[in-house]
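Down below is the structure, laid out as structure tokens.
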């Protein structure tokens with residue numbers, strides 16, 4: 001899975017004020033007296049990328065305001081020039097994946113590498129009963145899946161990298177995908193923390209999140225499990241001439257708390273928001289899309305095609321709000337509908 005889809009691509013600079021920045025993403029790169037400066041560039045002035053110049057994306061980062069930045073070079077493998085806002089490049093990296101949350105993966109999710117994240121991860125015997133052996137897997141243990149039960153609820157694991165000793169069977173729910181030190185930290189298992197997912201008051205646990213560049217250049221998040229269906233949906237729309245992009249995705253408890261407080265206190269710029277723990281956006285499968293209204297090509301295409309990819313409408317009156325609900329979508333599609341019962345228009 002490529003979680004940084006723009007890395008390695010060559011794009012053209014489109015903004016005449018495309019400033020270069022240092023690694024902190026705040027400090028500007030300035031022209032010095034020893035630089036070979038283009039005409040009109042003064043010593044101490046911000047160094048700009050020329051409009052139309054091709055640059056290669058070497059890396060992607062996100063600042064504290066959820067804005068995407070690209071580290072650019074003059075050519076693949078060439079010397080790095082610095083960082084510039086994604087909005088300065090053609091397409092603005094819109095729709096591109098820009099990494100995972102939590103950050104710092106040793107091995108990104110690949111379907112084989114997992115980390116033990118449950119304090120009661122029982123080691124079990126094999127089929128048919130998968131009975132507990134009395135042993136536990138320690139939180140933070142990195143394992144590889146070597147076999148799966150027919151129903152997928154249990155997996156056989158080996159310790160560490162290739163060649164590690166067989167451990168036995170355990171519930172897949174005891175593991176989180178990939179090898180990441182953050183899985184052993186307090187934030188990962190904190191229900192009202194930055195990774196806690198909720199569905200109308202029910203705590204779902206912490207999902208691995210994928211970050212994407214959304215509308216207006218803000219970086220949004222969706223669950224790793226939703227990434228594939230979303231990419232399939234947006235690709236199918238693009239093939240039909242419809243550009244679908246995300247306006248809002250997953251919200252953590254702290255993020256939802258800020259929105260709810262702003263709504264309750266009637267602060268300027270804050271819209272109606274649900275209490276933390278009850279928002280549709282806290283399970284990571286809800287996406288607000290750039291539909292533009294009920295009578296638009298984007299909405300009409302979604303109404304006809306979204307359920308084929310597992311997405312349904314769940315909120316009355318909100319043409320933009322779609323959720324990945326693969327268990328509900330087939331029945332709705334068979335009935336010729338795109339929304340849950342009672343969701344209108």
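Read the figures in this text as sums done on the coordinates, not as results from a lab. The structure presented is a predicted model; accordingly, all values stated were derived computationally and were not measured. Backbone-built Cβ (ideal geometry, glycine too); neighbour counts: all protein chains shown.
From the Cα trace of the stretch 41-162, what convex hull volume per residue do you get, rounded to a whole Å³?
Details: hull volume 22.6 nm³, N = 122.
It comes to 185 Å³ per residue, whole-number rounded.
Fewest to most neighbouring Cβ within 10 Å: what's the order for 226, 97?
Numbers: 226 26, 97 22.
Fewest to most other Cβ atoms nearby, the residues stand as 97, 226.
Among 341, 255, what is the fewest-to-most ranking by other Cβ atoms within 10 Å?
Numbers: 341 8, 255 17.
Ranked by crowding around the Cβ, least crowded first: 341, 255.
On a 0 to 90 degree scale, rounded to 10, what angle separates helix 224-239 from the longest Cα axis of the chain?
So the helix axis and the longest Cα principal axis differ by about 50 degrees.
Can you work out D for the stretch 205-334 in µm² s⁻¹ from Stokes-Einstein, where Rh is the Kirkwood radius over C-alpha pairs, the temperature is 20 °C and the viscosity is 1.002 mPa s? If you can, show how the numbers build up before the last one.
On the way: Rh = 15.2 Å.
Approximately 141 µm²/s, per Stokes-Einstein.
Using alpha carbons only, what's the Rg to Rh ratio of the stretch 113-184 with Rh from Kirkwood? Spell out each step's value before the answer.
Values: Rg = 11.0 Å, Rh = 11.9 Å.
Ratio of gyration radius to Kirkwood radius for the stretch 113-184: 0.93.
Normalised by the number of residues in the chain, what is the relative contact order in percent for Cα pairs under 8 Å and 6+ residues apart?
Working: 761 pairs, mean separation 39.7, N = 345.
Computed value for the chain: 12 percent relative contact order.
Based solely on its DSSP helices, what 222 nm [θ] is calculated for the chain when runs of n ≥ 4 H residues each add -39,500 (n - 2.57) and the sum is averaged over all residues, nearest 500 deg cm²/dmol? All intermediate terms of the calculation are to be shown ahead of the outcome.
Values: 4 runs with 43 residues, N = 345.
Helix contribution divided over all residues of the chain: -3500 deg cm²/dmol.
At 0.36 nm per residue, and after removing the present C-alpha to C-alpha distance, how many nm does the segment from residue 203 to residue 123 gain when stretched out fully?
Values: separation 80, 0.36 × 80 = 28.80 nm, distance 2.46 nm.
Extra length from residue 203 to residue 123 when fully extended: 26.3 nm.
Under a crude label model (7 Å from the Cα following the beta-carbon direction), how far is residue 337 from residue 231 in nanometres?
Label at residue 337, label at residue 231, 3.3 nm between them.
Please report 146, 307 as a ranked list, fewest other C-beta atoms within 10 angstrom at the top and most at the bottom. The partial results should precede the final answer.
Numbers: 146 13, 307 26.
Ordered by Cβ neighbours within 10 Å, fewest first: 146, 307.
Hey, rough spin-label estimate for residue 63 and residue 171, points 7 angstrom out along Cα→Cβ, what's it come to in nanometres?
According to this spin-label approximation, the distance is 4.4 nm.
On a C-alpha basis, how far is the centre of the stretch 273-312 from the centre of the stretch 152-190 in Å? Whole number, if you could?
Value for the Cα centre distance between the two parts: 33 Å.
Take the Cβ-Cβ distance between residue 308 and residue 27 as r, set R0 to 56 Å, and report the resulting FRET efficiency rounded to the nearest 0.05.
Numbers: r = 48 Å, r/R0 = 0.85.
Working from the Cβ atoms, E equals 0.75.
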